[in-house]
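Asker: The following block contains the structure, expressed as structure tokens.
Where a number appears in this text, it was derived from the coordinates with a stated rule and is not lab data. For clarity, every value in this text was computed on a predicted model and none was experimentally measured. All Cβ positions, even for glycine, are placed from backbone atoms using ideal geometry, and neighbour counts span all protein chains on display.
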Amino acid sequence: MDFSKIEPRFVKENHLLGLGFPGQGYVFFRVNSIEPVVYQYDELDEIAADSESTTARLSKSSGGDSIDNILRVLWCDHVYQVFMGWQPGCVRQYLYYPYETARRNLDERRIYSKSPFGFIEGYNSPYDCPSVDTEMFIPYKIDVGFTWYNTSRAAVTPRLQLLIRRLGVDILRDADLVTNILSGKQPCRLVTLGGVGDSYEYPARNYLDVDPLQLGSARAVVEAALAEK
């Protein structure tokens, strides 16, 4: 697998990472460990010519396994950084993040069946050389789904190759550090999860024991959000 296109986007040990939940705000982490995993995925069904698959998670049922989502993060101190490529190139990928919410929409138009926008083609993110456009960060308890559209005149069975970087993370509780991040004084990788709009309720207090913070939040708001309950 050729990492040349995506390597500049790799987060590294001791990097700061802010995950933004649309409509809620950011939760901040420090990366303490990384484990890269290359996963060759061949569980997708054949797709007829000029047809699309149903929206689904990346499940695994062959070889005696029964896993409904290989990208599910099971621990609150883990985050996945994911890139993927696929073949054949004529297949388009549509993203649902979280699983029920279509992404890559416009203000005036939302993606729909065989939508001519909001997709990534295999030509642009080939099996052995994934594109940075496929990058996703997946925290604890968020499921991601995909629809696949075969634009060709013949049936195809897509094959995927994923780089899943398992990040071990610590939640930031230093109010000074987080305040500096929110004000732009402290470098930190900020990532909007899913996309702009279509907010979803991620219960960060229940899962991570912090509240999400808006950029520019005042110090008193930061202290309250980071306080352990």
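Asker: Using a Förster distance of 22 angstrom, determine the FRET efficiency expected from the C-beta separation of Tyr123 and Phe10, and round it to 0.05.
Answerer: 0.40
Asker: Fewest Cβ neighbours within 10 Å first, please rank Trp75, Trp86 accordingly.
Answerer: Fewest to most other Cβ atoms nearby, the residues stand as Trp75, Trp86.
Asker: Given the rule -39500 (n - 2.57) for each run of at least 4 DSSP H residues, summed and divided by the residues of the chain, what is its mean residue ellipticity at 222 nm, to the nearest 500 deg cm²/dmol?
Answerer: Mean residue ellipticity, 222 nm, calculated: -2500 deg cm²/dmol.
Asker: Which entries in Lys5/Lys60; Lys60/Lys185; Lys114/Lys185 show an alpha-carbon gap greater than 32 Å?
Answerer: Flagged as over cut-off: Lys60/Lys185; Lys114/Lys185.
Asker: Still on this structure, I have one more. Which percent, nearest 5, of DSSP beta bridges in the chain are antiparallel?
Answerer: Around 90 percent of the beta bridges assigned by DSSP in the chain are antiparallel ones.
Asker: How high is the relative contact order of the chain? Use alpha-carbon pairs under 8 Å, at least six apart in sequence, and give a whole percent.
Answerer: Reported as a whole number, the value is 33 percent.
Asker: I'd like the FRET efficiency for Ser66 and Arg219, computed as 1/(1 + (r/R0)^6) with the beta carbon distance as r and R0 of 45 Å, rounded to 0.05.
Answerer: 0.40
Asker: Sorting check: for 135-146, 109-120, which peptide has the highest mean count of neighbouring beta carbons within 10 Å, and how do the rest follow?
Answerer: By packing density, highest mean first, the sequence is 135-146, 109-120.
Asker: Rounded, prolate or oblate: which fits the range 97-229, taking a ≥ b ≥ c as square roots of the Cα gyration tensor eigenvalues, rounded meaning a/c under 1.5, else prolate when a/b beats b/c?
Answerer: Judged from the Cα gyration tensor, the range 97-229 comes out prolate (a/c at least 1.5, a/b above b/c).
Asker: Along the Cα→Cβ direction, 7 angstrom out, place labels at Ala48 and Tyr207. What is the inter-label distance in nm?
Answerer: The answer from the label model is 3.7 nm.
Asker: Let me ask another. Please give the Cα centre distance for the range 16-43 versus the range 126-163, rounded to the nearest Å.
Answerer: For the range 16-43 versus the range 126-163, the Cα centre distance is 17 Å.
Asker: Follow-up. Please give me, ordered by residue number, the GluC sites (Glu not before Pro) of the range 61-123 that lie in loop per DSSP and have at most 12 other Cβ atoms within 10 Å.
Answerer: Loop-located and lightly packed - Glu100, Glu108.
Asker: For the range 1-65, state which chymotrypsin sites (Phe, Trp or Tyr not before Pro) are in a DSSP loop and have at most 16 other beta carbons lying within 10 Å of their beta carbon.
Answerer: In loop regions of the range 1-65 (DSSP not H, G, I, E or B), the sparsely surrounded chymotrypsin sites (Phe, Trp or Tyr not before Pro) are Phe3, Phe10.
Asker: Another question, if that's okay. Treat every Asp and Glu Cβ in the range 7-226 as -1 and every Lys and Arg Cβ as +1, leave all other atoms uncharged, and give the resulting dipole magnitude about the Cα centre to the nearest 20 debye.
Answerer: 340
Asker: In addition: With mean projected area of the Cα convex hull in nm² in mind, check [x] 15.7; [y] 19.9; [z] 13.2 and report the label derived from this structure.
Answerer: [z]
Asker: How large is the charge dipole for the range 125-229, taken about the Cα centre, if only the Cβ atoms of Lys, Arg (+1) and Asp, Glu (-1) carry charge, to the nearest 20 debye?
Answerer: Taking the Cα centre of the range 125-229 as origin, the dipole is about 260 debye.
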